[in-house]
Amino acid sequence: MSDYTLDTEEGRLEALRRMLLIREFDTTAGESFADGEIPGFVHLYIGEEAVGVGTCGALEPDDYIASTHRGHGHCIAKGLDPKLMMAELFGRREGYCNGKGGSMHIADVESGMLGANGIVGAGPPMATGAALSIDYQDRDQVAVGFLGDGAVAQGQVHEAVNLASTWDLPAVFVVENNQYGEGTPVEKQHNVENLSDTAAAHDIPGVTVDGMDVTAVAEAVGEARTRARAGDGPTLIEAETYRYRGHYEGDEQRYRDEEEIQRWKNRDPIESFKSRLLDRGELTEESFEELQAEVETTIADAIAYARDADLPEPAEAYEDMFAEPVPEIEGFAARTRADGGRPGGDGR
Amino acid sequence: MTAQAELETEQTETMTVREAIRQGLREELARDEDVYVMGEDVGLFGGVLDVTDGLFDEFGEERLRDTPISEAGFVGAATGAAATGTRPVVEIMFSDFMGVSMEQIMNQMAKMRYMFGGKTAMPVTVRTTEGGGMGAASQHSGTVHAWIAHFPGLKAVAPGTAASAKGLTKAAIRSDDPVFVFENKMIYEQQGEVPVDEEFTVPLGEASVEREGEDVTVVATQRLVGESLDVAEGLADLDVEVIDPRSLYPLDTDTIVDSVEKTGRLVVADESPLSYGIHAEVVARVQENAFFSLDAPIQRVGTPDTHIPFSPPLEQEVLPDGDGIREAVRRIA
């Protein structure tokens, strides 16, 4: 069984909780970024929560996902700890990557999270590779490669889908079509009507689902998972969604207007799922308030944890390059640490 | 210990570089079920230069996997596979094709472990062929190992003898780091003594002194190791030491520096383009560590920053060879 499934009441409430957690995490991360507490840059997932949560709701706990630059939502959907995620965003040693990765490279391979990724389109080859390991060792898992609409134009994406389909590997490709590849609308980047039409080139199922509907996403990914486990190869799922924030925090968003944003917000994935659960009697306004309060506490704790966590020691920059360290780096490190890197240090 | 002395303590058999690599692959495939080979025509075809010939019959299509002509796809897949519990050995048919997969190499394979705080292994081996000399023209003759040796997070080896071809291949496959094995295609038929012990490996970062000498040090790689040994034998009035670094990154600085401290003279011979490459790295390390032992300017022998042209007289003009090494030695000794 998965951590949660959209097929049970308990699972649906867990899905709602994770969607709320993602929104709260990213809202708070956006504020901390604006306050200058988070270095670098961040890409927020707000508005797209149903895709990550629907996808992971259809997976088993040890399935793999390979993520994108907009990866916070995938991490939370996969069950990563918001404290360690926030610590990573803050550049702290306690973060998932000891502060070496940041927002764009959060990973927890042990949890099956193969990394957010700063290169558009790099996740699908990673997922195909994980599916190759699974297939090679006859393990009961699948690997999901997330990609954005922009990535569908990348050559390596098609190479990855071609290899996975040719070898019938247990992979699933989930295209998060949030309507813009950075600042350029999807129709100006692709000639197909639906991005899922590209699946036809590989003779695999290609489906387009409402990415604002968590159950629709879970259903499509569930079918794809079953197909993958049956040895019938990958599926390409396009989830139509929308990001409420800019491509990155600070994006002036000259490419769209408030009216368009509002149109999508009227179909908000959390609000619509919440009303469905209210209608079904699985949720009350009171229990929702409790859930929201719990989520806010979790994220407030994560922020507090990240703020209090230690920064890495500068010398840790030299660690983790190789499983078997090389004398080159040890030598450079020793020289720099010993004499500040002045000329004439011992170069060996 | 010199390479010769090492081999004297081992039981060996004579074989070509090609056979030595194949034997290394075969032994590692037999030793570890998680190891498999993938690439263009590595299976049924036996490899376009016959290196994997026969392994398909022995190990089957699951372990000798023919891929589409799709370097970004299969190098990327090998990267993902290495992060998730298996140990792929990828062949890139010609090193010139590596550019097609460079994104996965430089941004994923090389960086994942570091970006993730050391929390993943990356046990992938990439084998590829380099070098001019067979009229294959510019897109099938390049020597690109300096790119990989330069790029943080990757290890690079380049055998010059049959023994090191086998030992380095095995060490690469056993490593939990990404290791690139650069095979010069003109020495596949070169014969040498190779240890038969299945535990024989050449550790990464250990050079071999192929010939001891007192007057001049020649640091040579790949095809130029053999050419340097021939030059050394032919120079009756000079005692030339020949060192094969074998591993380009990490590089065995100590063995090279110790030699230069003894001879005071150095020639660096490598088929890479001369500018910004392996030659410069060896020179830099020697001047950092043995500047005051040098008795003459260090000489570089390599490709003169051109591509490898097609027509034989053009190709022979630019490819470094024994004549160039001899002239370089004569200039300083």
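Points to keep in mind about this one:
- With Cα atoms, 0 to 90° folded angle of helix A:269-279 axis to chain A main axis: 50 degrees
- Alpha-carbon Rg with Dmax, taken over region B:195-285, Å: 13.2, 41
- Relative contact order (%) - criterion: Cα under 8 Å, at least six apart; region: chain A: 20 percent
- Set A:K83/A:K274; A:K83/A:K265; A:K78/B:K155; A:K78/A:K188; A:K100/B:K155 screened for pairs whose C-alpha atoms are more than 30 Å apart: A:K78/B:K155; A:K78/A:K188
- Overall, the anisotropy analysis places chain B in the prolate class: the square-rooted eigenvalues a ≥ b ≥ c of its C-alpha gyration tensor yield a/c not less than 1.5, with a/b exceeding b/c.
- Relative to the longest principal axis of the Cα atoms of chain A, helix A:155-166 runs at roughly 60 degrees.
- Per-residue mean of C-beta atoms belonging to partner chains within 10 Å, peptide A:94-104: 3
- Among A:G57, A:G91, A:G101, the largest mean-square fluctuation in a Gaussian network model of chain A, built with springs joining Cα atoms closer than 10 Å, belongs to A:G101.
- Where GluC sites (Glu not before Pro) fall in DSSP loop in region B:146-198, at most 12 other Cβ within 10 Å: B:E189
- Theoretical ellipticity at 222 nm over chain A - DSSP helices of four or more residues, -39500 (n - 2.57) apiece, nearest 500: -13500 deg cm²/dmol
- Take every Cα pair under 8 Å whose residues are at least 6 apart in sequence, average their separation, divide by the length of region A:132-191, and the relative contact order is 43 percent.
- Restricting region A:210-272 to trypsin sites (Lys or Arg not before Pro) that sit in a DSSP loop and have at most 13 other Cβ atoms within 10 Å of their own Cβ leaves A:R254.
- Residues A:A315 and B:E198, FRET efficiency given R0 of 60 Å [Cβ-Cβ distance, rounded to 0.05]: 0.90
- In this label model, A:E290 and B:D50 are separated by 7.6 nm, measuring between points 7 Å along each Cα→Cβ vector.
- Distant-in-sequence amide H partners of A:I65 (H built 1.01 Å from N, under 5 Å): A:M113, A:L114, A:V144
- Across chain B, the mean sequence separation of Cα contacts (distance under 8 Å, 6 or more residues apart), normalised by length, yields a relative contact order of 17 percent.
- Prolate/oblate/rounded label for region A:9-312 (Cα gyration tensor, a/c 1.5): rounded
- Each Lys and Arg Cβ is given +1 and each Asp and Glu Cβ -1; about its Cα centre, chain A then shows a dipole of about 820 debye.
- Degrees between helix A:214-229 axis and first principal axis of chain A (Cα, 0 to 90, nearest 10): 80 degrees
- Sequence of B:T263, B:T79, A:T241 once ranked by neighbouring C-beta atoms within 10 Å, starting from the fewest: B:T263, A:T241, B:T79
- Legend: mean number of C-beta atoms from other chains within 10 angstrom of residue C-beta atoms, peptide B:248-255, equals 3.
- With the simple spin-label model, which puts each label point 7 Å out from Cα in the Cβ direction, the A:F41 to A:D62 separation comes to 3.9 nm.
- Of the GluC sites (Glu not before Pro) found in region A:159-217, those that fall in a DSSP loop while having at most 15 other beta-carbon atoms within 10 Å are A:E182, A:E193.
- Cα-based Kirkwood hydrodynamic radius, the protein assembly as shown, one decimal, Å: 26.9 Å
- Most mobile listed residue (A:G118, A:G281, A:G54) in chain A, GNM with C-alpha springs under 10 Å: A:G281
- Ordered by the count of other Cβ atoms within 10 Å of each Cβ, fewest first, B:V286, B:V242 give B:V286, B:V242.
- Taking A:I65, A:I119, A:I299 in turn, the Gaussian network model of chain A (Cα-Cα springs below 10 Å) assigns the largest fluctuation to A:I119.
- Test item: A:163-174 mean partner chain Cβ contacts at 10 Å: 2
- Anisotropy class of region B:3-195 from Cα gyration tensor, a/c 1.5 cut: rounded
No value in this document is a laboratory result; all are computed from the given coordinates. Quantities reported herein were computed from a predicted structural model and do not represent experimental measurements. Neighbour counts run over all protein chains shown; Cβ positions are idealised from the backbone, glycine included.
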